[in-house]
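Novice: This is the structure I want to talk about, given as structure tokens.
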Amino acid sequence: MPTQHTRTIGLTGGIGSGKSTVGQFLADAGATLIDADAIAREVTGPDGSAMPAIRKAFGHAFVTAEGALDRDRMRSLAFTDPDARVQLEQIVHPLVGSTVSARAQTAIEAGSRLVVLDIPLLAESRRWPAQLDAVVVVDCPAAVQIARVIARSGLAEDAVRAIIAAQASRSLRRSLADVVIHNEGVDLAALRTLALQVGRRFGL
């Protein structure tokens with residue numbers, strides 16, 4: 001995927017790690033940021049490309065009146081039924097992956113110096129490592145993740161723990177990392193400095 005003028009990095013981290021904030025700092029500095037979560041929301045939004053298969057697999061009860069995925073209902077099912085989660089991922093992930101790749105190629109052809117693929121499930125995927133110049137992991141302890149997610153979303157602690165348990169472990173993510181940004185005990189200004197250091201390392 002990369003050319004001699006473009007570096008492509010994968011950015012990942014667990015929920016509440018600060019990954020999205022780091023991605024935004026890199027985008028503000030001139031990187032092209034491609035957000036896999038945002039694309040997932042597009043394909044599962046009203047009349048999104050994933051919706052016909054979701055409706056067929058799960059039924060109309062999981063589709064809102066607007067034609068989008070009923071996220072709350074699906075979240076409840078996915079965290080109690082691993083097979084349902086796998087089935088949903090088999091529908092959504094290929095659509096997200098092809099869209100990410102297409103947008104990355106567009107950015108490369110436009111001459112972007114750095115393309116940042118914000119992929120929450122990068123560690124769980126076999127698709128991405130071969131397409132990346134490097135993997136950047138934003139990391140912090142689970143207790144910090146839990147406190148941040150509760151503060152911003154109001155989710156119960158057991159719900160946040162269930163989300164963390166369903167994601168790759170910290171050790172797995174770090175084992176794949178070329179760079180680890182430690183986001184514990186740092187303010188936004190310090191986190192921005194760390195993000196920009198990574199950006200400069202990869203061509204910004």
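Novice: Once you order the gyration tensor axes a ≥ b ≥ c over the Cα atoms, which shape class does the stretch 1-52 get: rounded for a/c under 1.5, otherwise prolate or oblate by comparing a/b with b/c?
Specialist: Here the stretch 1-52 falls in the oblate category.
Novice: Here is a further query. Of the accessible area of the stretch 96-158, with the probe set at 1.4 angstrom, what percent is carbon plus sulfur?
Specialist: So the carbon and sulfur contribution to the accessible surface is 54 percent.
Novice: Residue-wise, which Karplus ³J(HN,Hα) couplings in Hz belong to the stretch 54-60, taking 6.51 cos²θ - 1.76 cosθ + 1.60, θ = phi - 60°, and x for glycine or proline?
Specialist: Karplus-based 3J(HN,Hα) across the stretch 54-60 equals 5, 4, 5, 7, 10, x, 5 Hz.
Novice: Enter the accessible area per residue of the chain (Å², integer; probe 1.4 Å; all protein chains in place).
Specialist: It amounts to 51 Å² per residue over the chain.
Novice: Which cross-chain or sequence-distant (5 or more) residues have an amide H under 5 Å from the amide H of Arg7, H modelled 1.01 Å from N in plane?
Specialist: Placed amide hydrogens put Leu114, Val115 under 5 Å from Arg7.
Novice: Which of the three applies to the stretch 19-116, rounded, prolate or oblate, going by the alpha-carbon gyration tensor with a ≥ b ≥ c and a/c under 1.5 meaning rounded?
Specialist: prolate
Novice: With a cut-off of 8 Å between alpha carbons and a minimum separation of six or more residues, what is the relative contact order of the chain in percent?
Specialist: After rounding, I find 38 percent.
Novice: For the stretch 183-189, take each phi angle, set θ = phi - 60°, evaluate the Karplus expression 6.51 cos²θ - 1.76 cosθ + 1.60, and give the result in whole Hz per residue in order, putting x for glycine and proline.
Specialist: Coupling constants for the stretch 183-189: 10, 9, x, 10, 8, 4, 5 Hz.
Novice: Rounded to the nearest 10 degrees, what's the angle between the helix 142-153 long axis and the longest principal axis of the chain, both from Cα atoms, 0 to 90?
Specialist: 60
Novice: Return the calculated 222 nm mean residue ellipticity for the chain, to the nearest 500 deg cm²/dmol, obtained by summing -39500 (n - 2.57) across DSSP H runs with n ≥ 4 and dividing by the residue count.
Specialist: -16000 deg cm²/dmol
Novice: Rounded, prolate or oblate for the chain? Axes are the square roots of the Cα gyration tensor eigenvalues, ordered a ≥ b ≥ c, and the cut-off for rounded is a/c under 1.5.
Specialist: oblate
Novice: Follow-up. Angle check, please: helix 71-80 long axis (alpha carbons) against the longest principal axis of the chain (alpha carbons), in degrees 0 to 90, nearest 10.
Specialist: 90
Novice: How large, in percent, is the carbon and sulfur part of the accessible surface of the stretch 1-76 at a probe radius of 1.4 Å?
Specialist: Of all accessible area on the stretch 1-76, carbon and sulfur atoms account for 48 percent.
The values are calculated or read from the model by the stated rules, or taken from the named source; none is laboratory data. Since the structure is predicted, the reported quantities are computational estimates derived from the model, not experimental observations. When the accessible area is computed, the model is the full protein with side chains, heavy atoms only, and any ligands, DNA or RNA have been set aside. Shrake-Rupley method; radii C 1.70, N 1.55, O 1.52, S 1.80 Å.
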